[in-house]
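Structure, as structure tokens:
Since every read-out is calculated from the coordinates, none of them should be taken as a lab result. Bear in mind that the values here come from a model prediction, so they are computed numbers and not experimental data. Glycine also receives a Cβ, built like all others from the backbone with ideal geometry; neighbour counts cover every protein chain displayed.
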Amino acid sequence: MIIEALLAEFEHELESTRKLLRAVPEKDLAYKPAEISWNMGELAQHIATIYHWYVGALTLDVYDLATDTLERGSPADINATLALFEANALKARAALQSLTEEKLQENWTMKMGDRVVLGPMPRGIVSRGFLFNHLYHHRGEMIVYLRATGNAVPGMYGPTYEDSVRRR
């Protein structure tokens, strides 16, 4: 039951992420709201990369980021980021589909070499907190970036402010 719910949410939110990333304009990829922030291209690439982490988080007991490699392309190329997103989404879906209820209860750990970054914690908590909620957090940031640069935000949960203004 839980896995079916995660898969349904994944599919719904995958389309919302796709809409959001497609709304990122090439002309604003260098925008960043503060010196310490990622620029819009880096944030978009990070969102696309989170889907890559589904494989390590859902299929491995210990996920070592130091040994994980992913060719990301340039964050200054939104088409490369969109391709990265689509490739990672396919792998993420397969990783989710491989889960069992028992695997959700098993402990998982993220490491960076010898250093433990997250965990150990049950994989079910990892799926919600590290994967799903982490993604939603960064999508919210991207909405702020889009609005700050005068770009339209796509409707992900119904009409947006921009949609309502256009109808007037």
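Determine the shape class of the stretch 101-145: with a ≥ b ≥ c the square roots of the Cα gyration tensor eigenvalues, call it rounded for a/c under 1.5, and otherwise prolate if a/b is greater than b/c, oblate otherwise.
Working: a/c = 4.85, a/b = 1.57, b/c = 3.10.
In terms of gyration-tensor shape, oblate.
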In the chain, taking the dipole from +1 charges on Lys and Arg beta carbons and -1 charges on Asp and Glu beta carbons about the Cα centre, the listed residue (Met1, Met40, Val55) farthest towards the positive end is Met40
So what is the relative contact order of the stretch 1-123, in percent, for Cα pairs below 8 Å that sit 6 or more residues apart?
28
Looking at the chain, send over the antiparallel percent of its DSSP beta bridges, to the nearest 5.
60
Charge dipole of the stretch 124-168 about the Cα centre (unit charges at C-beta), most positive-ward option of Val126, Val165, Ala152
Val165
Projected convex hull area of the stretch 84-159, Cα atoms, direction-averaged, in nm², equals 7.4
Roughly how many debye, to the nearest 20, is the charge dipole of the stretch 1-144 about its Cα centre, given +1 on each Lys and Arg Cβ, -1 on each Asp and Glu Cβ, and no other charges?
160
Expressed as a rounded percentage, what relative contact order does the stretch 56-168 have, with Cα pairs under 8 Å and six or more residues apart?
23
Would you mind computing the Rg to Rh ratio of the chain from its alpha-carbon coordinates, Kirkwood style for Rh?
1.00
Relative contact order for the stretch 66-122 using alpha-carbon pairs under 8 Å, separation at least 6, rounded to a whole percent?
25
Would you kindly state the longest site-free stretch of the chain, with sites defined as GluC sites (Glu not before Pro) in a DSSP loop (not H, G, I, E, B) surrounded by at most 11 other Cβ atoms within 10 Å?
72-168
For the stretch 109-161 and the stretch 1-79, compute the distance between their C-alpha centroids and round to whole Å.
8
